[in-house]
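Contents: one structure, followed by commentary.
The values are calculated or read from the model by the stated rules, or taken from the named source; none is laboratory data. The model shown is predicted, which means the values in this text are computed figures rather than measured ones. In this analysis, Cβ positions are derived from the backbone assuming ideal geometry, glycine residues included, and neighbour counts consider all displayed protein chains. For accessibility, only protein heavy atoms count, side chains too; no ligands or nucleic acids. Shrake-Rupley method; radii C 1.70, N 1.55, O 1.52, S 1.80 Å.
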Amino acid sequence: MQNRHSRARRGISLRQALVTKKRVFEALVVRFVIGRYGRENIGFMWTVVEPMLLCIGVMVIWSATKASYHGVNIVAFVMTGYMPLTLWRHHTGSMVNFPRQTKFLTVFRNLTIFDAMMARLILEYLSVSAATLIVFSTLYNFGLVNWPYDLAIVLQGWLVMGAMSASAGILIAALSETSEVIEKLNQPIQYFLMPLSGCFFMVDWLPDNVKEYVVYIPLVNAYEIIRGGYYGPEFPTYGSAIYALASALLTAGLGCYIFERIKHRIQT
């Protein structure tokens, strides 16, 4: 009987902890939105409009210069390339020095720096996802892009990209607290990764001796999954969700390990 009551109390406390954590995340998301965009004008809608405007600008420029690219629709190619890149940049860019900037939030009960990091990553993922949905819906209604060949695979690739970009954000957040050099190197590293990420090419277009090695870049796998789901078998793709998620898990693990080692320095 005593064991039964003990299990019941643990179950209640677990539910209470989950409810509390849910409220913490909701409050953090609202705070980040207000802090970033304010209460005036369109406020929260900027979380959607900002990445949407960036994507549309790139589409207009590319469409004006190229009618087609290796036989693919240039508008669809830019959409499936730039929106995942936007997700990556929002996740990684927002995490530079993030722990130190938000350490004051730990004065509140039941709130940790890691909670703040996760809330910010969730906000960025949802805002860019909403922007992607709006961009696609607009382009589809105007007949500029087709419906994806397999929407489930596209969503799988989007989730994979979200996992990889979030894990990279955690690692950058931890590394940026170890040295100021990381803050300075973040942008150059992002520019270096951009042409290698798969945003501007498909693996099938590359020479055979290059294909063998480029698939080891985790970001390339996410792009290949997204475009494989969008275009279907007409354009061969080479993405592996297992490999990409394994790299994301290792990256997040490394970031959490570094964060635990330096956490005491941030909180002082």
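Condition check ((1) more than 26 Å from Phe114 (Cα to Cα); (2) part of a helix (DSSP H, G or I); (3) more than 16 Å from the chain's Cα centre (by Cα)) across all residues:
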| position | (1), (2), (3) |
| --- | --- |
| Ala173 | no, yes, no |
| Thr178 | no, no, yes |
| Val181 | no, yes, yes |
| Tyr213 | yes, yes, yes |
message: Looking at the range 86-95 only, could you name the residues that are open to solvent by 10 Å² or more (accessible area, probe 1.4 Å) and of a type outside the set (Gly, Ala, Ser)?
response: Trp88, Arg89, His90
Hits in the range 183-202 (condition: part of a helix (DSSP H, G or I) and in contact with a helix residue (DSSP H, G or I) (Cβ under 8 Å, 6 or more places away or on another chain)): Glu183, Asn186, Gln190, Leu193, Met194, Leu196
task: Test each condition in (1) assigned to a helix (DSSP H, G or I); (2) at pLDDT 80 or above; (3) farther than 22 Å from Thr237 by Cβ; (4) open to solvent by 10 Å² or more (accessible area, probe 1.4 Å) for Val60 and report the one that comes out false.
output: (2)
Residues being open to solvent by 60 Å² or more (accessible area, probe 1.4 Å) and either over 22 Å from Tyr257 (Cα atoms) or touching a residue at least 24 places away in the same chain (Cβ under 8 Å) (or both) - total across the range 163-188: 5
- prompt: Pick from the range 96-140 the residues that are part of a loop (DSSP other than H, G, I, E, B) and open to solvent by 20 Å² or more (accessible area, probe 1.4 Å): which of them is modelled with the highest pLDDT?
  reply: Val96
Scope the range 123-154; condition under 24 Å from Gly253 (Cα atoms) and either among the aliphatic types (A, V, I, L, M) or out of contact with any helix residue (DSSP H, G or I) (no Cβ under 7 Å at 6 or more places or on another chain) (or both); matching residues: Leu123, Leu126
- prompt: If you go through the range 141-162 one residue at a time, how many are free of Cβ contacts under 8 Å to residues at least 24 places away in the same chain, part of a helix (DSSP H, G or I) and closer than 23 Å to Gly239 by Cβ?
  reply: 1
